[in-house]
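The values are calculated or read from the model by the stated rules, or taken from the named source; none is laboratory data. All values derive from a computational prediction rather than experimental measurement. Every residue, glycine as well, gets a Cβ built from its backbone with ideal geometry; the counts of neighbours run over all protein chains shown. We work out accessible area using only protein heavy atoms, side chains counted, and drop any ligands, DNA or RNA first. Shrake-Rupley method; radii C 1.70, N 1.55, O 1.52, S 1.80 Å.
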Amino acid sequence: MRYFNRIFVCSALSVLALMGTTSCSDDFLTEDAGHKVTDALLNDETGALKMAAGLYGNIRWHFGYEWAYGITLYGTDEFTNGADLTSECWNTYDNRLNPLDLTPALGAANKNCPAVSALWDEMYYGISTANLVLEKAVNVANEDSRNKALGEAYFLRGYNYYRLFAQYGGVVLQTEAANGVIKKDYTRATEEETLNQVISDFEQAYKMLPTTKWRGNGTWTKYTAAHFLAKALLFRQSERCSSWNGSYNKEQDLNRVISLCDEVIAACPLAPDYWDLYAKWTGVNCKNEGLDEILMAAEHNDDSSTQGRFGNRTYNYFDPQFSNFSGAWVQRGQYIGGMDFQRCRPTEYTYSIFDNVNDARMWKTFKTVYGLNNIAQDANTVKSTYGITDEQVPDLGDEGIIFILNKKSDTRYNNDAYGSFGTSKTVHNFVNPNTGKWVPNAFITFLDGKYVMNTFNGAPSSTNVFCGINKTADGSRTGEKGDAHRDVIMARSGETYLVKAEAQVRLGKYQDAINTVNILRARGQWKNGEDRSYYTDGSMAFLTSDGGDKDNSTATSRTVKSNKDKNGKVLNNTEAYYASMTHTNTYYLSTGIEKTTEASNLQISSYTQLPAEDEAILQALGCSGDYDRMLNFIFNERTRELLGEWNRWEELSRAGLLVKRAKAFNPEAAPNVKANKHELRPIPQKFIDILQTSDGKNLSDEQKKAWQNPGY
């Protein structure tokens, strides 16, 4: 985090003083509390701005551990669990997902399972800090400084209540600083009251925050507030609020959403190329972290003094377990931008929803090739075991793992036309027709008209083989398990277009929504002259010679896994990097088209004629009527544009699509996910258990039950 040091303050929501301010265990990170700040600091201009800067530290929590994906991506249509079952209950909705924090004693796979109280605790911790700033900063004489500090405090409080509302529904509204007063007799606000508080806070932030990133990258601006205000108003007119939103003017809310989105879109233009947002990350605080499109990011850097309690661990969650299944042909290390913790496994829906020929976003998101960085078997063994020739034996830098992202209708690979698929631990003989080399680990999405990506090396419900995404890859790490240093994008104007388009759908302006989405799709098209077989990701930050901003400090060190060439020489990390990063993808293997550098076309002419990928999904969902079709189309487009960007569960829950789409496309979630229950999370039991009535008595069982969300 470059511009903001995390500052912890003593005051917190008083009930959290009894609960502890975080639900994570103490064995993986240490608290950097440093309670050196007093309320008096807020009484002058400099102190108020410093305290407001401290608010930014609260958002880094979201990406410091397993909850990053567990509460945002699991249990949806896009991702299911891999073979690692750390957060399994969040994906499967089994009876372990209940008001109690799950531990191994209660059935967790290990002690790292995200607690149901994690978000609750941390959001209230941030809210209490924001309340303190709001109480004190109002006294700052300088209007500009006062508004900046207050605007940031209103924004964080609004954002935290937005997350609480999205996850839990109505919650406790604490809008005054605790000032050391211990309180146990809280009242739970209604959903309407909670969301209206969110809208009010975002309105205040929108009025007070500057339009410029005056603190530097990561600054919350007027446009950040406008984006989230638009999302909150859209939420009010969404299906989850249908039982009470009738008293709010639908057209007024949705037209305000469109107006706010237009303001953001005009001021915060899209990055020219989808590459720039994630894949072309060249190092700590690189220029692409300052793109105008980025509205909100949790900032990180390589300065340990600013790390605080939570570093960036998101690089762990999207890669398959290649070090396990590859038969040692592909070894992990910091020269590969992601660790293979195999948490988030894309579903068949996720692979299928892309136009794999024309949509460049697919190939700038999925990592389909891992270079061979270790000679695991000598040539004679390879030839005799797999039945291949001298010319077909691969060497360092050839393909060690490939994923072919083809379509269900693809018949090119039927009957082992180029050999059989599988891991190197199975006797398979796939030879890439484009290179003439045997690939030790070769996988395909569809074969003989069937989805087979989930059939390799394990049960379909928990295989460790899948094609993952690259949006968190970080080649600046100095250890294979070291924290990442890249910022995590939390909001961008690419999403703003989709918020606007959904508002247009809700107003019945379906062609207008298509026109809005077409702007995003235009960026996602291949440009004239573009090499469709080229690939890169944030691993490139490892070396300046490959586009990074500086060489990794471990570049000349021997590889931890003692990667070897065919002569037995141990590689250093630079040699392993060049073997690993082939800068190629499987585009032509996956599509079967002739090589081309022509521009592609993703434009949709009419809402009555949606792309084939969408029509297949709409048919599977049984969608009928323009509204149902177009709402689901918007969520298909959200996948193509925003895959893995930390909000899928909340968005599906908001629009009343979570259960239907999880049942249709997530086989692990389908048996258990229930309507009128799983659209909300359980209220943490440890919070309910300490509540008292106004006269100091503990709550009765019936009173506790009244606090809980339906079905838990």
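For the chain, what does the helix formula give at 222 nm: sum of -39500 (n - 2.57) over DSSP H segments with n ≥ 4, over the residue count, nearest 500 deg cm²/dmol?
-10000 deg cm²/dmol
Near the amide H of residue 80, within less than 5 Å, lie the amide hydrogens of 345, 347, all on another chain or at least 5 residues away, with H placed in the peptide plane.
Taking only protein heavy atoms and a 1.4 Å probe, what accessible area per residue, in Å², does the range 51-118 have with all protein chains in place? List each step's numbers first, then the result.
Details: 1470 Å² over 68 residues.
I get 22 Å² per residue for this part.
On the range 335-394, 43 percent of the accessible area sits on carbon and sulfur atoms, based on a 1.4 Å probe. A Förster distance of 56 Å, applied to the separation of the beta-carbon atoms of residue 694 and residue 411, puts the FRET efficiency at 0.20.
Bridgeable lysines around residue 213 (alpha carbons under 23 Å apart, same-chain partners fewer than 8 residues away excluded): 50, 148, 222, 231, 280, 287. Phi angles across the range 285-298 convert, under the Karplus curve 6.51 cos²θ - 1.76 cosθ + 1.60 with θ = phi - 60°, into 3J(HN,Hα) values of 6, 5, 4, 5, 6, x, 4, 4, 5, 6, 9, 7, 8, 8 Hz, Gly and Pro given as x.
Ordered by solvent-accessible area of protein heavy atoms (1.4 Å probe), largest first, the residues 637, 668 come out as 668, 637. The overall shape of the range 262-404, judged from the alpha-carbon gyration tensor, is prolate: a/c is not under 1.5, and a/b is greater than b/c.
Phi angles across the range 263-278 convert, under the Karplus curve 6.51 cos²θ - 1.76 cosθ + 1.60 with θ = phi - 60°, into 3J(HN,Hα) values of 5, 5, 4, 5, 8, 10, x, 4, 4, x, 10, 4, 3, 4, 5, 10 Hz, Gly and Pro given as x. Residues 65, 627 ordered from highest to lowest accessible area at a 1.4 Å probe: 627, 65. Ligands, DNA and RNA are left out, and with a 1.4 angstrom probe the accessible area of the range 340-467 is 33 Å² per residue. On the range 636-688, 51 percent of the accessible area sits on carbon and sulfur atoms, based on a 1.4 Å probe. Solvent-accessible surface of the range 507-604, taken per residue with a 1.4 Å probe and all protein chains present: 44 Å².
At a probe radius of 1.4 Å, what is the per-residue accessible area of residue 302, in Å² to the nearest 10? Counting only protein heavy atoms, the figure is 80 Å². The lysines within cross-link reach of residue 527, meaning a Cα-to-Cα straight distance under 16 Å and a gap of 8 or more places when in the same chain, are 364, 595. Karplus-derived 3J(HN,Hα) values for the range 640-646, using 6.51 cos²θ - 1.76 cosθ + 1.60 with θ = phi - 60°, are 5, 8, 10, 3, x, 9, 6 Hz; glycine and proline are entered as x.
The H on the amide N of residue 492, modeled in the peptide plane, is under 5 Å from the matching H of 295, each at least 5 residues off or on a different chain. Quick one: grab the alpha carbon gyration tensor of the range 114-252, order the square roots of its eigenvalues as a ≥ b ≥ c, and give me rounded if a/c is under 1.5, else prolate or oblate depending on whether a/b is larger than b/c. Cα axes put the range 114-252 in the oblate bin.
Considering only DSSP states other than H, G, I, E and B, which trypsin sites (Lys or Arg not before Pro) in the range 540-581 qualify as loop sites with at most 13 other Cβ atoms within 10 Å?
On the way: sites: 550, 558, 561, 564, 566, 569; in loops: 550, 561, 566, 569.
Counting only loop positions with at most 13 other Cβ atoms within 10 Å, the trypsin sites (Lys or Arg not before Pro) in the range 540-581 are 566, 569.
In the list (1) 15; (2) 21; (3) 29, the label attached to percent of Cα pairs over 48 Å apart as derived from the coordinates here is (1).
With every protein chain in place and a 1.4 angstrom probe, the accessible-area ranking of 264, 138, largest first, reads 138, 264.
How much net charge surrounds residue 675 when only the other residues with a Cβ under 13 Å from the Cβ of residue 675 are counted, with Lys and Arg +1 and Asp and Glu -1?
Details: positive: 240, 660, 661, 663, 674, 677; negative: 239, 679.
That sum, taken over residues with Cβ under 13 Å, equals +4.
The aspartates and glutamates within cross-link reach of residue 407, meaning a Cα-to-Cα straight distance under 13 Å and a gap of 8 or more places when in the same chain, are 348, 355, 448, 613. Can you tell me how the range 355-488 classifies by the Cα gyration tensor, rounded, prolate or oblate, using a/c under 1.5 as the rounded cut? Here the range 355-488 falls in the oblate category. Database remark: amide H of residue 319 closer than 5 angstrom to the amide H of 341, 342, 343 (H placed geometrically; neighbours at sequence offset of 5 or more, or on other chains; Pro and chain starts carry no H).
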